[in-house]
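Take a look at the structure below.
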Amino acid sequence: MTRFVVRRTLSAIALLFATSVVVFGIFEVIPSYNPARAIAGRNATQTTVQEVAHKFGFDKPFYVQYANTMKLIFTGQVIDYQDQLNVVDQFRQRFGATLSLVIPAGILWLLAAVLLGSISALRVGRMADRALMVLAILGVSIPIFLLAAVLLYLLAFKTTIFPNTGYVGISDPVQWAYHLILPWFCIAVLSVGFYSRVLRSNLLDMVNQDFVRTARAKGLSRRQVFVRHVLRNSLMPIITMFGLDFATLLGGAALVTEFVFNIPGVGQYEAQAIGNLDVPPILVGSLFTAFFVVLFGAAADVLYALLDPRIRLTG
Amino acid sequence: MGERLLEVEDLQVSFVTEEGVLRAVDGVSFTLDRGEVVAIVGESGSGKSVTVMTLMGLTRGPNSRFGGTARLGDRELIGASEQELQRIRGKEIAMIFQDPISSLSPVHRVGDQIVEQIRAHEDISKAAALDRAVELMRRVGIPHAEQRARAFPHEFSGGMRQRAMIAMALSLSPSVLIADEPTTALDVTIQAQILEEIKELRAHGDAGVIFVTHDLGVVADIADRVLVMYGGRVVEQGTLDEIFYDPQHPYTWGLLGSVTRMDREPPRRLPAIPGQPPSLLSPPEGCHFRPRCPHAFDRCIEVPPLEARLPEAPGHLDRCWLEVADKRARREVAGRIGLAAAGTVIA
């Protein structure tokens with residue numbers, strides 16, 4: 001276990017370093033990229049731009065700029081170029097909204113995928129399975145911005161069943177949930193289709209395993225055979241997928257949903273930053289995501305080892 | 001012999017596949033008494049496993065079709081409801097499978113898997129069931145049973161896993177124990193130990209055992225009666241001595257001839273039956289063994305009935321049109337049973 005933690009920590013550091021270098025490097029090679037001009041404003045003179053460039057260190061070599069930026073990030077002093085706001089504070093303030101969006105959505109899509117995948121597998125080839133297949137393909141292929149827009153049009157504009165975008169903090173749980181139901185649904189739809197198909201095929205592979213036959217030969221009921229033996233042994237791939245998908249969503253990958261529903265989460269902030277080619281928020285966002293990917297990757301491995309005793313944690 | 005446990009009559013199993021109807025089992029009949037070991041022998045695909053799995057309802061499915069009857073005491077198994085079968089499985093008929101590593105759930109502790117079976121049929125506490133599981137594991141010769149009950153199957157050796165399977169199968173003292181090639185995946189020393197466990201069971205006289213195998217050496221060691229299956233049909237059945245000393249069907253000769261024997265000079269080449277087992281989707285007309293049989297003649301185009309052809313042995317049945325005297329003469333060619341069927345002549 002110690003070995004596992006040490007090795008995972010080392011690889012996390014390596015990954016974060018590589019991520020930061022690559023993201024920072026991208027802006028070196030973007031052709032018309034000039035942060036000093038952006039900061040100085042639309043009507044700035046050439047001299048002002050140069051002064052700004054000098055003040056922010058844009059005239060220094062790549063590695064010096066990189067070192068300075070990283071230092072600012074880790075001392076929590078880094079500011080974005082657009083609004084001159086402290087980036088770390090922004091992430092801190094916005095993370096609550098992202099958690100509110102992503103955690104219930106994750107639970108929703110996991111439960112729905114297990115339920116629908118199981119129904120498909122148990123009714124393989126029949127109407128229910130075929131109908132779910134069509135729904136899964138729809139879910140996977142509908143762009144989330146379209147789904148979100150259609151839902152808003154139908155349920156918040158044409159009929160006012162749900163509020164028209166916006167976010168309410170969890171201190172008012174009823175309004176909080178009321179505002180988030182549509183966003184949760186949008187995020188879940190995307191994953192449910194894919195997850196339920198993967199689970200279905202795992203389940204169908206598992207049904208023909210010898211130990212499932214043993215379970216039936218023991219005199220267990222169909223439900224016991226399915227839940228304790230078939231389903232239990234089919235969950236592993238789903239867990240790995242879930243760890244990584246959930247991590248990227250926490251890191252801001254829910255940005256489309258946050259944007260459309262106007263939820264002030266980290267994804268919305270990152271989306272704005274990308275639009276403005278604003279390096280510090282993009283860099284922090286990338287590191288933020290990479291951190292969660294490493295963390296949840298390790299968590300998935302631990303869970304894996306708990307679920308399957310044949311797997312040892314070796315890092 | 002003890003009381004009659006199981007009576008199978010004209011059992012038919014077919015599977016509807018995309019290429020057509022596959023007749024896996026075609027008219028198998030046999031009985032099993034308490035304290036008796038009946039061996040079902042045959043090549044892969046002869047229908048022996050399907051026969052025994054059908055008794056437990058494990059071959060049921062949307063594409064399976066069944067015929068005939070199988071009575072456990074006064075209960076019919078073939079048409080039984082799933083709930084009824086659920087009560088019978090594991091409690092009255094238990095099964096040991098061929099491959100003990102894939103037949104145990106990889107993610108559950110061995111003790112818990114035995115507990116699961118006990119608690120599926122009896123309303124007792126987990127702790128009490130675990131005590132019984134440990135006791136069973138000890139009985140089948142698993143050392144340190146208390147600790148081993150907490151281990152997972154991958155932490156067991158092949159022989160220990162099969163012992164755990166046997167412990168599981170015996171956990172509710174079933175009256176019928178089905179062993180489907182229980183020693184095939186094990187090396188010979190472990191095989192001998194596992195066979196001892198099964199013989200032990202027979203000696204107690206509690207259960208009847210159906211032993212499915214393709215290993216005639218094992219059959220000679222353990223069986224009271226033998227069914228020889230080929231292409232979904234029983235081609236010969238009788239007592240162990242009848243089958244081994246006076247085999248009537250050329251296929252049985254071939255099987256016996258392809259076994260090496262310690263008490264005879266080994267042949268230069270181990271005789272084998274030429275050809276392939278028949279496809280059950282489009283089986284040969286008449287006797288299924290006809291295309292491979294060196295003794296086939298025109299009458300073999302009709303299916304020979306499975307019947308007694310020896311006045312002195314009314315329980316010895318076979319499916320071959322040849323006259324008994326003719327058979328006895330032919331099978332002794334080259335002085336050795338089996339070579340006649342194998343078509344090999346040793347100079």
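All of the numbers you see were taken from the coordinates with simple rules; none came from a lab. Model, not experiment: these values are computed from the prediction. We place every Cβ from the backbone using ideal geometry, glycine too, and count neighbours over all the protein chains shown.
Checking the table B:Lys126/B:Lys199; B:Lys199/B:Lys327; B:Lys91/B:Lys199 against a 22 Å threshold on Cα-Cα, which pairs fail?
Where the Cα-Cα span goes over 22 Å, the pairs concerned are B:Lys126/B:Lys199; B:Lys199/B:Lys327.
Compute the separation of the alpha-carbon centres of segment B:100-161 and segment A:171-190 and state it in Å as a whole number.
Comparing the Cα centres of segment B:100-161 and segment A:171-190, I get a distance of 46 Å.
Among B:Ser64, B:Ser157, what is the fewest-to-most ranking by other Cβ atoms within 10 Å?
Least to most surrounded, the residues fall as B:Ser157, B:Ser64.
Within 10 Å of each residue's Cβ, count the other Cβ atoms and sort A:Asp308, B:Asp187 from fewest upward.
With the sparsest Cβ surroundings first, the list reads B:Asp187, A:Asp308.
Assuming a ≥ b ≥ c are the square roots of the Cα gyration tensor eigenvalues, decide whether the protein assembly as shown counts as rounded (a/c under 1.5), prolate (otherwise, with a/b larger than b/c) or oblate.
Verdict is prolate for the protein assembly as shown.
How large is the dipole of segment B:137-206 about the Cα centre if only Lys and Arg carry +1 and Asp and Glu carry -1, each at its Cβ, rounded to the nearest 20 debye? Working shown, then result.
Working: 8 positive and 9 negative charges, 47 e Å.
So the dipole magnitude of segment B:137-206 works out to roughly 220 debye.
Give the aspartates and glutamates reachable from A:Lys218 as a straight Cα distance under 17 Å; neighbours fewer than 8 places away on the same chain don't count.
By straight Cα distance, A:Lys218 reaches A:Asp210, B:Glu82, B:Glu84, B:Glu92, B:Asp99, B:Asp112, B:Glu116, B:Glu122, B:Asp123, B:Asp180.
Considering only DSSP beta bridges whose two residues both sit in the protein assembly as shown, what percent are antiparallel, to the nearest 5?
65
To check my understanding: the extent here is largest minus smallest coordinate of the Cα atoms along each principal axis. What are those three numbers for segment B:30-154, in Å, largest first?
Here the Cα extents, ordered largest to smallest, are 46, 35, 34 Å.
Given Cβ point charges of +1 (Lys, Arg) and -1 (Asp, Glu) and nothing else, what value in debye, to the nearest 20, does the dipole of chain B about its Cα centre take?
Once rounded to the nearest 20, the dipole reads 620 debye.
Can you find, among A:Ala254, A:Ser191, A:Gln209, the residue sitting farthest towards the positive end of the charge dipole of segment A:177-315, where Lys and Arg contribute +1 and Asp and Glu -1 at Cβ?
A:Gln209
Once the Cβ-Cβ distance between B:Asp241 and B:Glu200 is put in as r, and R0 is 22 Å, what FRET efficiency do you end up with, to the nearest 0.05? Can you show the working numbers first?
Details: r = 23 Å, r/R0 = 1.03.
So the FRET efficiency works out to roughly 0.45.
Need one number: % antiparallel among DSSP beta bridges in segment B:1-138, to the nearest 5. Write out the running numbers ahead of the final one.
Values: 21 of 22 bridges.
Bridges in segment B:1-138 are about 95 percent antiparallel.
In a Gaussian network model over chain B where Cα atoms closer than 10 Å are linked, find which of B:Gly111, B:Gly61, B:Gly315 has the largest mean-square fluctuation.
Most flexible of the set in this elastic network: B:Gly61.
Most fluctuating residue of A:Val293, A:Val102, A:Val150 in a GNM of chain A with Cα springs under 10 Å: which is it?
The residue with the greatest mean-square fluctuation here is A:Val150.
Can you tell me, using C-alpha contacts under 8 Å and at least 6 residues apart, the relative contact order of chain B as a whole percent?
19
Which one, A:Leu231, A:Ala67, B:Val235, projects farthest toward the positive side of the charge dipole computed for the protein assembly as shown from Cβ point charges (K/R +1, D/E -1)?
Farthest towards the positive end: A:Ala67.
Using a 10 Å Cβ count of at most 10 others and DSSP loop calls, identify the longest part of chain A lacking such trypsin sites (Lys or Arg not before Pro).
A:43-311
Name the residue, out of B:Glu135, B:Glu181, B:Glu302, whose mean-square fluctuation peaks in a Gaussian network model built on chain B with Cα pairs under 10 Å.
Answer for the Gaussian network model of chain B: B:Glu302.
What shape does segment B:143-188 take by its C-alpha gyration tensor, where a ≥ b ≥ c are the square roots of the eigenvalues and a/c under 1.5 counts as rounded, a/b above b/c as prolate, and the rest as oblate? Before the final figure, lay out each step's value.
Values: a/c = 2.69, a/b = 1.20, b/c = 2.25.
Note, shape of segment B:143-188 comes out oblate.
Farthest toward the dipole's positive end in the protein assembly as shown, which of A:Ile13, B:Gly111, B:Leu306, given Cβ charges of +1 (Lys, Arg) and -1 (Asp, Glu) about the Cα centre?
A:Ile13
Hey, what number do you get for chain B at 222 nm if only DSSP H runs of n ≥ 4 count, each worth -39500 (n - 2.57), divided across all residues, to the nearest 500?
-9000 deg cm²/dmol
About the Cα centre, and with charges only on the beta carbon of Lys, Arg (+1) and Asp, Glu (-1), how big is the dipole of the protein assembly as shown? Nearest 20 debye, please.
1300
Sort A:Ser120, B:Ser279, A:Ser20 so that the residue with the fewest other Cβ atoms within 10 Å of its own Cβ comes first and the one with the most comes last.
The order, fewest Cβ neighbours first, is B:Ser279, A:Ser20, A:Ser120.
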